[in-house]
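The values are calculated or read from the model by the stated rules, or taken from the named source; none is laboratory data. Worth saying up front: this structure is predicted, and the values here are computed from it rather than measured. Note: ideal-geometry Cβ built from the backbone for every residue, glycine included; neighbour counts use all protein chains shown. The protein model used for the area step is the full one, side chains on, heavy atoms only, and it has no ligands, DNA or RNA in it. Shrake-Rupley method; radii C 1.70, N 1.55, O 1.52, S 1.80 Å.
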Amino acid sequence: SAFKNFLNSPVGPKTTHFWGPVANWGFVVAGLVDLNKPPDMMSSNMTSVMCIYSLLFMRFAWMVQPRNYLLFSCHAANESVQLYHLAR
């Protein structure tokens with residue numbers, strides 16, 4: 001079945017290729033919650049670091065074998081949120 005194939009795949013829930021990205025979605029959620037904060041309460045240094053961090057891990061997710069699309073999408077979403085914060 002498709003579920004069994006996913007469960008036993010190299011990027012399935014039995015691997016860190018699955019649980020690492022799931023945990024990293026917390027960064028995206030935190031960034032979205034911060035949309036309610038005034039811009040002067042945001043740290044531009046930390047936001048810049050998060051942008052660099054997400055760019056590096058997007059590259060890592062693309063280069064690692066098997067490709068980790070879940071990690072890539074997580075960091076692409078975080079990159080978007082952090083760039084929006086920097087623009088504010």
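Take each peptide in 10-19, 67-76, count the other Cβ atoms within 10 Å of every residue, and average; sorted highest first, the result is 67-76, 10-19. Here the relative contact order of region 2-87, from alpha carbon pairs under 8 Å that lie six or more residues apart, stands at 36 percent. Applied to region 19-36, the Karplus parametrisation 6.51 cos²θ - 1.76 cosθ + 1.60 on θ = phi - 60° returns per-residue 3J(HN,Hα) values of 6, x, x, 4, 5, 5, 5, x, 4, 5, 4, 4, x, 5, 5, 5, 4, 7 Hz, with x for Gly and Pro. Helix-only arithmetic for the chain: the sum of -39500 (n - 2.57) across DSSP H runs with n ≥ 4, divided by the residue total, places the mean residue ellipticity at 222 nm at -23500 deg cm²/dmol.
Protein heavy-atom surface of region 2-87, 1.4 angstrom probe: 70% of the accessible area is carbon and sulfur, with nucleic acids and ligands not counted. Each semi-axis of the equivalent ellipsoid for region 2-87 is √(5λ) with λ an eigenvalue of the Cα gyration tensor; in descending order they amount to 29, 13, 8 Å. Projected label points at Lys14 and Leu86, each 7 Å from Cα along the beta carbon direction, are separated by 4.1 nanometres.
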